[in-house]
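The values are calculated or read from the model by the stated rules, or taken from the named source; none is laboratory data. From a predicted model like this one, the values you see are computed outputs, not experimental measurements. Ideal geometry is used to build each Cβ from the backbone, glycine not excepted, and the neighbour counts take in all protein chains shown. Areas reflect the complete protein model, heavy atoms only, side chains present, ligands, DNA and RNA absent. Shrake-Rupley method; radii C 1.70, N 1.55, O 1.52, S 1.80 Å.
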Amino acid sequence: MHHQWLLLAACFWVIFMFMVASKFITLTFKDPDGYGAKQEPLILTAVTKVEEVHVPEQKHWPEEFQPTGKAFSGNLIRQPLVHMERLELLRNVCRDTALRNLSHTAVSKFVLDRIFVCDKHKILFCQTPKVGNTQWKKVLIVLNGAFSSIEEIPENIVHDHEKNGLPRLSSFSDSEIKKRLNLYFKFFIVRDPFERLISAFKDKFVHNPRFEPWYRHEIAPGIIRKYRKNRTETKGLQFEDFVRYLGDPNHRWLDVQFGDHIIHWVTYVELCAPCEIKYSVIGHHETLEDDAPYILKAAGIDHLVSYPTIPPGITVYNKTKVERYFSGISKRDIRRLYTRFEGDFKLFGYREPDFLLN
């Protein structure tokens, strides 16, 4: 009889603990739609000629993060909260009227050209060059059915938009564009803005691994003629010249001459219009090992494709490298550069560099 009472008491204790745990999970993982303020309406201008589009709240929440009463590991709990906080920060900065000129842009053809479409799985990916976009394009190429696996994709096909099977959002009609922006899962990746500029400079003007001669023979001379202080120097484009060009408030007259090649160094705001388009997830290059699996799962494609293996250390922010590149550049030029990219720093939670605070 004594054992029966002990067993009954134990059962009641288990039921009580289960109810407490369920209540905790329900409170912690509330509907993400209620997290933060209501999104501002999306306005497509210029190319699309659409007056105003109200983007409905979306529920892109992986099933295992819904309140189920199951036990959660620490990483499963942390990941959705991190991404919710990123979107909350984005919304708050977008509402900051003092930064409006640095955080808002028209959803023009330039922006729509940056967004790749996977209709089969209802995904939009905005390309932000120098942030590991090649691998994400491979993922979408496989999802679109052009190749059966990432390993089969030839490197020369990835960026050949005539052959890679990745349509751009700009190729659709206005009504089709609005439908996809309203309903599809949308994401893009960012990294520290200054480190991205260093990567762009090295890739296009120093190493140039894809043998794109126009960077060295057309764009570099144009920047040198306008921004090099010592005109007697005959060496190629230096990072100091590049910084002066990017920080010049009148840089746009050169941008027009350079055409779409500027996508490698313009701001995330200009590329993806994050205050006008309601993105589902914003990944960070520095935490890509966690963010890539999360994005695949949130988009509902983790069972179909995997993000390519990330080499050790490649996503780590290299503070020493950044400081070294900026060490010989005047504070005035660095400050002007930061002023242009301040929207990117604030929208995505990157700190102002220490060498600007000293």
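Some observations on this one:
- Any hit, the range 107-128, residues being of a type outside the set (D, E, K, R), open to solvent by 60 Å² or more (accessible area, probe 1.4 Å) and within 23 Å of PRO308 (Cβ to Cβ): no
- Among residues that are in a loop (DSSP other than H, G, I, E, B), small (Gly, Ala, Ser) and either in contact with a Gly (Cβ under 9 Å, 6 or more places away or on another chain) or touching a residue at least 60 places away in the same chain (Cβ under 8 Å) (or both), GLY313 is not included.
- Answer residue from the range 225-244, given it is at pLDDT below 95 and β-branched (Val, Ile, Thr) and is least open to solvent (accessible area, probe 1.4 Å) among those: THR232
- Restricted to helices (runs of 4 or more DSSP H) entirely inside the range 145-259, those with at least 2 residues that are farther than 30 Å from GLY328 by Cα and in contact (Cβ under 8 Å) with a residue 24 or more places away in the chain are 174-183.
- Number of residues in the range 323-333 that are open to solvent by less than 60 Å² (accessible area, probe 1.4 Å) and over 11 Å from PHE239 (Cβ atoms): the value is 1.
- Index of the failed condition, ASP248 passing every other in (1) farther than 28 Å from TRP136 by Cα; (2) crowded, with 21+ Cβ neighbours inside 10 Å; (3) among the charged types (D, E, K, R): (2)
- For the range 268-295, residues that are open to solvent by 10 Å² or more (accessible area, probe 1.4 Å) and either polar (S, T, N, Q) or touching a residue at least 60 places away in the same chain (Cβ under 8 Å) (or both) total 11.
- The single condition from (1) open to solvent by less than 20 Å² (accessible area, probe 1.4 Å); (2) under 18 Å from LYS122 (Cα atoms); (3) hydroxyl-bearing (Ser, Thr, Tyr) that TYR215 fails is (2).
- Selection status of ILE141, open to solvent by less than 10 Å² (accessible area, probe 1.4 Å), closer than 30 Å to TYR317 by Cβ and at pLDDT 95 or above: no
- Residue count for the range 339-352, restricted to those that are surrounded by 19 or more Cβ atoms within 10 Å (Cβ to Cβ) and part of a loop (DSSP other than H, G, I, E, B): 2
- Condition check for LYS163: loosely packed, with under 15 Cβ neighbours inside 10 Å, on the phi < 0 side of the Ramachandran plot and in contact with a Gly (Cβ under 9 Å, 6 or more places away or on another chain): no
- Taking the criterion of being surrounded by fewer than 20 Cβ atoms within 10 Å (Cβ to Cβ), of a type outside the set (D, E, K, R) and part of a loop (DSSP other than H, G, I, E, B), the residues of the range 89-106 that qualify are HIS104, ALA106.
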